[in-house]
Amino acid sequence: MKKKIGFIWNTAGSLIYSFFNAIVLMVCTRLNGTEIAGIFSICYATGCILNAIGDLGIRIFQVTDTKRKYRFEDYLYARGFAVIMMLLVALAFSIISGYTNEKFFICVILILIRVVDNFGETFQAEFQLNERLDIAGKALLYRNILEIISFAIIDIITCNIYISFIAMLVIGIIILIIYDIRLIKKQYKILGNLNLDKIKEILKECIPLGLSTLISMYVINAVKYAIDVFGDNTMQTYFNVLYMPTFVINLVSILIMKPLLKPFGEYWNNNDGKKLVKTIIKIILFLSGITVIIEILALTIGIPMLGWLYAMDLSNYRLELFLLILSGLFYASSTVIFYALGTIRKQKQTTVSYIICSVFAFIISNILVKNYGILGSTISSVLIMATLFIILLLFFIISYIGEKSEK
């Protein structure tokens, strides 16, 4: 019963988290126009990329640490070091990029919101490790839904996107303090003894995962940066709106994967590799079935619905929508393999995979967006995600066979 309740709360929290960008973009488009919405989209993408430094793959490592090699405090301190690095890189990136004051402000605020998310992830991982996925799900749900509501209300009242984002940040901090921190303090000292050796070990273990995530976020957003160079803010908005249905596939993969992080670790630690592989295959087949359903809905009611939600004419973009949903399947499947490689502690292989794909993404997205506009952006998105999935899958197969032969 506890697991069922945990799954329900995790589903609700992950649902809101996955649609965070879609909802905020919808509010921006309707209240602030496609120009501001385009700026938000590229700043949000930048925040996602730099967030990988603060995330560093620590949650995956923490939840699969079923033998409790490290303390919660060790993970929290490690997260603190990672977040500080993220902030320094974010400031440097924003200055070097020559962002306008408008872009710079939005980018910095969105990154600070990500800082709150990162600390929240550490608490949620500990709740999950202690068989309290329901608490982790509630924390995710409360923080994200209140952030979205605060942003929408303030933007409706003021039509000022800067004040609205500040309100979102303040709400996120408040929820982190009164919910996550309050509950975790019942079990641990938030700032226990500082064990630098343990923290260094965690960071050393997680840096390959973090680097992989960082590069993967560039891979995912390479098309948006190509649009930023060769297109304009309005094209950016159109691409992001058409990309929205793919979040359903990503959401399903998150809903499946988060509860399975601990079982993945248990399968591997208990030498039950076959069960791990069977579970991975089942997940990818399930995601494929979901994608077929979404494609059918997209080709029938998807365009009119998106057009109504975002107050935009999308009638000429059916092919682009179809292609982007297909790219979503490859991305979600890649995420499953990414978690699997993290579980069997093959972080370096994920890093190599993303490095190879990032070079391909940079080349193909710039060529296709420059020459074919928004259609080129959707074609490049499919090619990039398919390439990533194939490379990760090959590394997993090679690593799995190698590990099993050694055992």
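Before moving on, here are some points about what is shown:
- The label-point distance for residue 390 and residue 163, in a model that sets each label 7 Å from Cα toward Cβ, rounds to 5.3 nm.
- If you take the Cα centroid of the stretch 35-105 and the Cα centroid of the stretch 294-354, the two points sit 22 Å apart.
- Helical contribution to [θ] at 222 nm, DSSP H n ≥ 4, -39,500 (n - 2.57), averaged over the chain, rounded to 500: -30000 deg cm²/dmol
- Binned Cα-Cα distance frequencies in the chain - 20 Å width, integer %: 27, 62, 12, 0
- Those residues of the stretch 22-50 whose amide nitrogen sits under 13 Å from the label point placed on residue 232, 7 Å along Cα→Cβ: 34-36, 38
- Shape analysis of the stretch 98-194 yields a ratio of the Cα radius of gyration to the Kirkwood radius, Rg/Rh, of 1.06.
- Estimated from the Cβ-Cβ distance and a Förster radius of 60 angstrom, the FRET efficiency linking residue 308 and residue 89 is about 0.95.
- Taking 4.7 Å between C-beta atoms as the pairing limit, the chain has these partnerless cysteines: 28, 48, 159, 206, 357.
- Distance between the 7 Å Cα→Cβ label points at residue 130 and residue 68: 1.1 nm.
- Per-residue ³J(HN,Hα) for the stretch 11-27, Karplus 6.51 cos²θ - 1.76 cosθ + 1.60, θ = phi - 60°, Hz, x for Gly and Pro: 4, 5, x, 5, 4, 5, 4, 5, 9, 3, 4, 4, 6, 5, 4, 5, 5
Each value in this text was obtained by applying a stated rule to the coordinates, not by laboratory testing. Being a predicted model, the structure only gives us computed values, none of them experimental. In this analysis, Cβ positions are derived from the backbone assuming ideal geometry, glycine residues included, and neighbour counts consider all displayed protein chains.
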